[in-house]
Amino acid sequence: MKKSHLFGILIIAACITIIMATAGDASTYVSFGEAQQLSTNGKANKVHVVGQLKKSTEGEILGLEPSSDKLSFSFVMVDHNNKEQKVFYKEPMPADFTRSEQVVVIGSYRDNIFVADQILMKCPSKYQEKEVS
């Protein structure tokens with residue numbers, strides 16, 4: 001067998017391995033209540049939770065707590081069932097995090113705190129039409 005054929009087979013095998021590894025990490029969208037129930041049942045899979053940052057009536061974000069070294073932070077998020085949950089993220093705060101309209105956290109529960117491995121944000125579009133009066 002030629003070396004180029006053997007090399008091609010190795011590349012294909014590596015691609016199949018990568019696809020299988022990422023397919024095993026697929027998760028679903030759930031509420032905080034469902035995520036906590038999965039955690040108590042021993043299923044510590046990563047899940048996606050969609051919600052919004054908790055805000056006051058004036059629009060100020062409540063419960064946002066950056067760490068002293070600014071390398072992690074926690075915040076309070078409200079899911080679509082109006083359940084509030086403290087979320088911890090072990091990375092620096094993403095740019096425009098406080099301006100996001102909707103947040104998706106990907107992670108799992110640890111000791112009654114949702115620990116996010118990833119945060120996806122839907123920020124207000126700068127291309128939205130503005131009303132002219």
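The residue list Phe75, Leu120, Pro94 was ranked by how far each Cα lies along the charge dipole of the stretch 27-122 toward its positive end, using unit charges on Cβ atoms, and Leu120 comes out on top.
So, with +1 on the Cβ of K and R and -1 on the Cβ of D and E, and no other charges, what is the size of the charge dipole of the stretch 37-103 about its Cα centre, to the nearest 20 debye?
Values: 9 positive and 9 negative charges, 65 e Å.
Using Cβ point charges on Lys, Arg, Asp and Glu, the stretch 37-103 gives about 320 debye.
Ordering 67-73, 96-102 by mean Cβ neighbour count within 10 Å, with the highest value first, yields 96-102, 67-73. Within the shell of other residues whose beta carbon sits under 15 angstrom from the beta carbon of Ile9, the net charge comes to +2, with Lys and Arg scored +1 and Asp and Glu -1. Database remark: amide H of Gln102 closer than 5 angstrom to the amide H of Lys122 (H placed geometrically; neighbours at sequence offset of 5 or more, or on other chains; Pro and chain starts carry no H). On the beta carbon distance between Ile18 and His48, with R0 = 30 Å, the FRET formula returns roughly 0.90. Segment Asp111..Leu6, full-extension length gain: 32.9 nm, with 0.36 nm per residue of separation and the alpha-carbon distance subtracted.
Contact order, relative form, for the stretch 12-113: 28 percent (alpha carbon pairs under 8 Å, 6 or more residues apart, mean separation divided by residue count).
3J(HN,Hα) couplings calculated from phi for the stretch 59-64 with the Karplus curve 6.51 cos²θ - 1.76 cosθ + 1.60 (θ = phi - 60°) are, in sequence order, x, 7, 6, 9, x, 7 Hz; Gly and Pro show x.
Read-outs throughout are calculated quantities, based only on the coordinates presented, and are distinct from any laboratory measurement. All values reported here derive from a predicted model rather than from experimental measurement. Note: ideal-geometry Cβ built from the backbone for every residue, glycine included; neighbour counts use all protein chains shown.
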